Structures are given as structure tokens and as C-alpha cells.
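Enquirer: Just dropping this structure here.
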Amino acid sequence: MQAAKETATNVTASARSGMDKTKASVQGKAEEMKTRDPLQKEMAAQKKEAKIQEAEREKQGAVHQNNLARHEADAGGFGHGHTATGGNHHTAHTAGGAVPGGAGHVGDGHLTGTGRHAI
């Protein structure tokens, strides 16, 4: 069931990305057609490309998040927690599972139980 859910959300992310790319392309072409100034045409083309690239980054981020969520579900929920925006919220863990009391590894860059990076 989790794989089907991941596939459905990936299809949704891909469709949204396609719509955003099409919208950026149409808007960019419209801006290019409004002017005869080559500089403004180039700026419109660059803006269009930036929007297209942003839509692709958002899609890839969503696919990545869906993949992580599936792997976490497959692993029984242990591991790293992630937000929809791609930010990491590391949970305390060891090779054997969660650490009692929520203390994180010290010295490896993981978060401690206090929410601060270990030194």
C-alpha cells in the first residue's frame, strides 16, 4: 500500500511540475513577444528558465521526500524525520534503533537530544 501511495504522490508531483513548467513557458513567451528590446527578451527568457528549473527542483524534492517516507515506513519508522520542504529533523538513533532518553550521537554531526548539533 505504501508503494502505491508513493507512486500516486510522485505522479501528482510530476503533473504539478509539468503544469508549472508549461505556465512558465507560456508566460515567458508572452513577455518576450511584448517587447522588441533584445535585453528585455533575454531577461524574459532567463526568468522563464529559472521558473522551469525551480519547478523541476520542487518535483525532485517531492519525489525524494516520498522515497524517504516509504523507506522509513518500511523500516518501522526509525531513522531520520524529514519535512515537506526538505529540511532534516534528525532523530536520535544508533545501529540498533532509538536511543533511550533521546540523546544523539556526539561528535558525528547528528543532533543531540537538545536539538543542537553535537560538537
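Enquirer: Starting from the Cα of GLN46, step 7 Å toward the Cβ, then list every residue of the stretch 1-29 with an amide N under 17 Å from that point.
Expert: Only 28-29 pass the distance filter.
Enquirer: Another question, if that's okay. Just to confirm a number: summing +1 for Lys and Arg and -1 for Asp and Glu over residues other than ALA55 whose beta-carbon lies under 12 angstrom from that of ALA55, what do you get? Mind showing how you got there, number by number?
Expert: Numbers: positive: ARG16, LYS21, LYS23, LYS48, LYS51, ARG57, LYS59; negative: ASP20, GLU49, GLU54, GLU56, GLU58.
After counting each charged neighbour, the total is +2.
Enquirer: While we're looking at this one, here's another question. In nm, what is the difference between 0.36 nm times the number of residues separating GLU32 and VAL63 and their Cα-Cα distance? Working shown, then result.
Expert: Values: separation 31, 0.36 × 31 = 11.16 nm, distance 3.23 nm.
Here the segment from GLU32 to VAL63 would lengthen by 7.9 nm.
Enquirer: Oh, and also: Compute the signed sum of charges (Lys and Arg +1, Asp and Glu -1) over the other residues within less than 14 Å, Cβ to Cβ, of GLN65.
Expert: Details: positive: LYS5, ARG16, ARG57, LYS59, ARG70; negative: GLU6, GLU58, GLU72.
In short, +2.
Enquirer: If I take R0 = 25 Å and measure r between the Cβ atoms of GLN2 and LYS23 in this structure, what FRET efficiency does the formula 1/(1 + (r/R0)^6) give, to the nearest 0.05? Walk me through the intermediate numbers first.
Expert: Details: r = 31 Å, r/R0 = 1.26.
Taking R0 as 25 Å, the efficiency between GLN2 and LYS23 is 0.20.
No value in this document is a laboratory result; all are computed from the given coordinates. Given the structure is predicted, the values throughout are model-derived calculations rather than measurements. Here Cβ is always computed from backbone atoms with ideal geometry, including for glycine, and neighbour counts include all displayed protein chains.
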